[in-house]
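Structure first, then comments.
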Amino acid sequence: MELPNEVPELSRKPTLLLAEASQMDCQLLANAIERQGQFRVFGCVFGSAEVISAVREIRPDVALISGRLVDGICAGLSAINKLQASRVSSRIVVLLDCEDRELVVESFRCGAKGVVNRSASPKELCKCIASVYAGQIWASNNEVKYLVEALAETPRATSINPKRIELLSKREGEVARLAVIGLTNREISRHLNLNEHTVKNYLSHIFEKLAVSSRIELIHCLSLESTEAG
């Protein structure tokens, strides 16, 4: 484990902890990120126990954790799951070797706020990290589709919570229900006979009312299952 002796009190750049399967992978990743100039890479760890300890002690703004660590191909996800249970403040991004449906869904279930493929460019990777640092959810269109499909497979997860939907107007509620089941803006506009731009405006108002920033967060916000679990 390579970590600094102490955390600086002030830093102009958000701090980033990296977790990779090897020192070489970690160094290459750190170099690529630091060249973009947006984040300060604050340390590298290689095993799940080190990830948990480092995030709890250092409290980086963002932790970029590979699904595959030195102690197993899914050790990163196991560590994230344990961190979620301890309610750490650091935001988590999972680095995946491929866009595997099960790994994507499990990453978000474990508490990740974003997932990114290892084949992404350094610029795209930093864009993902910056979005998650800003409080947003990051996922590709395919990954959002995987999440919607996973929710659809569990009936309770697609049941709309009536208390949440009451916060919306009748038309906003109709748009929200269709967005939750995975319809695109164009499909919603056709279904409700609305202009596509109008649908976009409705979604913007819905996000504002429910204090969410993406469709993924909207799904979790309106899901009966997630509300009861919280």
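Descriptive notes on the structure:
- Taken over the range 8-78, the ratio of Cα radius of gyration to 2.2 N^0.38 Å equals 1.06.
- Full-extension gain in nm, H205 to I73, via 0.36 nm per residue minus C-alpha separation: 43.4 nm
- Calculated P(r) of the chain - Cα pairs past 24 Å, %: 47 percent
- Relative to its residue count, the range 73-148 spans a Cα convex hull of 86 Å³ per residue.
- Per residue solvent-accessible surface (Å²) - the chain, probe of 1.4 Å: 54 Å²
- Shown for the chain: cysteine residues without a partner Cβ closer than 4.7 Å, namely C74, C98, C110, C126, C128, C221.
- Taking only the Cα atoms of the range 78-120, the radius of gyration and Dmax are 10.3, 31 Å.
- Farthest positive-ward along the range 1-131 dipole, Cα basis, beta-carbon charges - from L83, I65, I129: I129
- D97-A32 pseudo-label distance in nm [points 7 Å out on the Cα-to-Cβ vector]: 1.5 nm
- Neighbour count of at most 11 Cβ within 10 Å plus DSSP loop: longest GluC sites (Glu not before Pro)-free window in the chain: 10-152
- Loop-exposed trypsin sites (Lys or Arg not before Pro) per DSSP, neighbour cap 10 Cβ within 10 angstrom, longest uninterrupted part of the chain: 88-230
- Estimated at 0.36 nm per residue, the fully extended path between S214 and R56 surpasses their Cα-Cα distance by 54.1 nm.
- Debye intensity ratio I(q)/I(0), log10, the range 33-132, q values 0.10, 0.13, 0.17, 0.20 Å⁻¹ (C-alpha model): -0.23, -0.40, -0.70, -1.00
- With contacts taken as Cα pairs under 8 Å at a separation of at least 6 residues, the chain carries a relative contact order of 14 percent.
- For a label point 7 Å along the Cα-to-beta-carbon line of E196, residues of the range 125-145 with backbone N under 18 Å: 141-142
- Accessible area of the chain belonging to carbon and sulfur atoms, whole % at 1.4 Å probe: 47 percent
The values are calculated or read from the model by the stated rules, or taken from the named source; none is laboratory data. Just so it is clear, the model here is predicted, and its values are computed rather than measured. All Cβ positions, glycine included, derive from the backbone under ideal geometry; neighbour counts span all protein chains shown. Ligands, DNA and RNA are excluded from the accessible area calculation, which covers all protein heavy atoms including side chains. Shrake-Rupley method; radii C 1.70, N 1.55, O 1.52, S 1.80 Å.
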